[in-house]
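Some notes on the structure that comes next.
The values are calculated or read from the model by the stated rules, or taken from the named source; none is laboratory data. Just so it is clear, the model here is predicted, and its values are computed rather than measured. Reconstructed Cβ throughout: ideal geometry from the backbone, glycine too, with neighbour counts over all protein chains shown. The accessibility values were calculated without ligands, DNA or RNA, using every heavy atom of the protein model including side chains. Shrake-Rupley method; radii C 1.70, N 1.55, O 1.52, S 1.80 Å.
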Amino acid sequence: MTFRVLAVLLLTSASYPSPARTFAQNSPTVGQPAATLDETARFLAGMPVTGALEPLTHDPARQEHAQAMNDAWTKKEHHQIWPIRQWMQANAPQYHRSTDTTFYMFSGPDFLYASIFFPLSSNYILAGLEPIGNVPDLTQIRPEVLQADLISLRNSMNSILRFQYFITKEMRTDLGRGNISGTLPILYVFLSRLGYTIVDVTHLGTPAEGVKITFSGGEQPQSLYYFKTDLSGGNSAFLRWCATRGPGLSLLKAASFLMHGDGFYGVRNFLLQNSRVIIQDDSGIPLRAFPKGWKVNCYGRYVPHKDEFQKYYQPDLAAIYAQNPAPPPLGFAFGYHWQKDDGLLMLATAEALPALPIEEQPQKARVRK
């Protein structure tokens, strides 16, 4: 596919842990302090580092990695990060400034967009099928092996940095073949590039296999959770755990139209019942599934998909975009369409409803249908 070829050209140059175990680096060289978690993250992100990893930054392979990451990030800031932040400040400032929990289902390791849309969230909860992975002590990796690992890391991030989403097969292939593996190194890169400092990383065993990263740099300490979990089916221990941390702010992007069928009704219902706002492209919750009490504002342009997503065409959504006047332009690419002019965004909010009398409240308040 054309976008895959372009993505490859962008950056490519030449046992299960116990619950609540704090992630630790491998033992350092004798007499040398171990690299901190934050220094390791900055190294992987191609940023300046001090301490144990500073000598490795003089290697030509790492300098090449830093240059490639710098170039890609500069373009990402220009085409996506700043336009989205400006759009949120103009169209949804109350959510852009909210400290509520962010739910980002089907995200993989895409902390980048969760942070762009909702930078002040106290907790970010990401979920996908990608493995958590590992980031070892980089000083203990042979130079030629580390060079290959850095190339794999760049390759795994090609599509998210060039476009707006991960190509899952490429990410799994590239990050499954070296010492630096899984979602963890990608989360490190995003946190460092966004200006945060990683304070602690803890592996979790409940409500699913996961990792918790505590970081600072904002107005208050924040936490990022990533869980490897299957979101299909109905209510689950993971969704019940999430519900105790809401209601929150939800993001859906490049979600493969999974919630357009019945196989993912549990996560769809969870989001509708536990979100103050849902920002999504057309691959998230179908327009027809939003119940009474929700207001859906549309922006950008609706371009029907081809190939495997053609069957998910939404006539009711197309009718909104065919109105005169049409929805306002978006100004940045979003979702599966990587061209700026083809971006589509839906901002759905649950309207405040008057309280019911006590006798009519047999369960938690929910949006009336």
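Quick one: F190 ticks every box in (1) part of a helix (DSSP H, G or I); (2) touching a strand residue (DSSP E or B) at 6+ places or on another chain (Cβ under 8 Å) bar one, so which box is it?
Of everything listed in (1) part of a helix (DSSP H, G or I); (2) touching a strand residue (DSSP E or B) at 6+ places or on another chain (Cβ under 8 Å), F190 misses just condition (2).
Going by the structure shown, is L249 in contact with a helix residue (DSSP H, G or I) (Cβ under 8 Å, 6 or more places away or on another chain), surrounded by 20 or more Cβ atoms within 10 Å (Cβ to Cβ), within 26 Å of I160 (Cβ to Cβ) and modelled with pLDDT under 95? Walk me through how you get there before you give the answer.
Working: in contact with a helix residue (DSSP H, G or I) (Cβ under 8 Å, 6 or more places away or on another chain): yes; surrounded by 20 or more Cβ atoms within 10 Å (Cβ to Cβ): yes; within 26 Å of I160 (Cβ to Cβ): yes; modelled with pLDDT under 95: no.
Against the criterion (in contact with a helix residue (DSSP H, G or I) (Cβ under 8 Å, 6 or more places away or on another chain), surrounded by 20 or more Cβ atoms within 10 Å (Cβ to Cβ), within 26 Å of I160 (Cβ to Cβ) and modelled with pLDDT under 95), L249 does not qualify.
Identify, by number, the condition in (1) over 30 Å from A34 (Cβ atoms); (2) at pLDDT below 95 that F106 doesn't meet.
Here F106 meets the rest and fails (2).
Evaluate the following for L194: is it surrounded by 22 or more Cβ atoms within 10 Å (Cβ to Cβ) and in contact with a helix residue (DSSP H, G or I) (Cβ under 6 Å, 6 or more places away or on another chain)? Break it down into steps so the answer makes sense when it comes.
Values: surrounded by 22 or more Cβ atoms within 10 Å (Cβ to Cβ): no; in contact with a helix residue (DSSP H, G or I) (Cβ under 6 Å, 6 or more places away or on another chain): yes.
It is false that L194 is surrounded by 22 or more Cβ atoms within 10 Å (Cβ to Cβ) and in contact with a helix residue (DSSP H, G or I) (Cβ under 6 Å, 6 or more places away or on another chain).
Looking only at helices (runs of 4 or more DSSP H) that fall completely inside region 75-161, which ones have 3 or more residues that are open to solvent by 20 Å² or more (accessible area, probe 1.4 Å) and closer than 16 Å to V277 by Cβ?
On the way: elements: 82-91, 93-96, 111-117, 143-156.
It comes to 82-91, 93-96.
Would you tally the residues in region 300-321 being open to solvent by 90 Å² or more (accessible area, probe 1.4 Å) and either in contact with a helix residue (DSSP H, G or I) (Cβ under 6 Å, 6 or more places away or on another chain) or part of a helix (DSSP H, G or I) (or both)? Step through it out loud before you land on a result.
Of region 300-321, the ones open to solvent by 90 Å² or more (accessible area, probe 1.4 Å) are 301, 306-308, 310-311, 313.
With either in contact with a helix residue (DSSP H, G or I) (Cβ under 6 Å, 6 or more places away or on another chain) or part of a helix (DSSP H, G or I) (or both) added as a condition, the list becomes 301, 307-308, 310-311.
Residues meeting the conditions: 5.
Out of the residues in region 334-362 that are more than 18 Å from S256 (Cβ to Cβ), in contact with a strand residue (DSSP E or B) (Cβ under 9 Å, 6 or more places away or on another chain) and among the hydrophobic types (A, V, I, L, M, F, W, C), which is modelled with the lowest pLDDT?
A350
Read through the list (1) modelled with pLDDT of 95 or more; (2) open to solvent by 30 Å² or more (accessible area, probe 1.4 Å), then give the number of the only condition that K292 fails.
The number of the failed condition is (1).
Determine which single condition G217 fails, assuming it passes every other condition in (1) more than 30 Å from F43 (Cβ to Cβ); (2) of a type in the set (G, A, S); (3) modelled with pLDDT under 95.
All conditions pass for G217, except number (1).
For region 220-231, check the following and say yes or no: at least one residue is open to solvent by 40 Å² or more (accessible area, probe 1.4 Å), within 13 Å of M105 (Cβ to Cβ), modelled with pLDDT of 95 or more and part of a loop (DSSP other than H, G, I, E, B).
yes
Residue-by-condition table, conditions (1) polar (S, T, N, Q); (2) on the phi > 0 side of the Ramachandran plot; (3) in a loop (DSSP other than H, G, I, E, B):
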{"position": "R245", "(1), (2), (3)": "no, no, yes"}
{"position": "A255", "(1), (2), (3)": "no, no, yes"}
{"position": "G263", "(1), (2), (3)": "no, no, no"}
{"position": "G266", "(1), (2), (3)": "no, no, no"}
{"position": "N269", "(1), (2), (3)": "yes, no, no"}
{"position": "R276", "(1), (2), (3)": "no, no, no"}
{"position": "I279", "(1), (2), (3)": "no, no, no"}
{"position": "G284", "(1), (2), (3)": "no, no, yes"}
{"position": "C298", "(1), (2), (3)": "no, no, no"}
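I'm told T57 meets every condition in (1) touching a helix residue (DSSP H, G or I) at 6+ places or on another chain (Cβ under 9 Å); (2) at pLDDT below 95; (3) surrounded by 12 or more Cβ atoms within 10 Å (Cβ to Cβ) except one. Can you identify the failing condition by its number?
Condition not satisfied by T57: (2).
Being small (G, A, S) and at pLDDT 95 or above narrows it down to one residue among G266, G261; which is it? Before you say what the answer is, go through the steps one by one.
Values: G261 fails: at pLDDT 95 or above.
Result: G266 is the single residue among G266, G261 that is small (G, A, S) and at pLDDT 95 or above.
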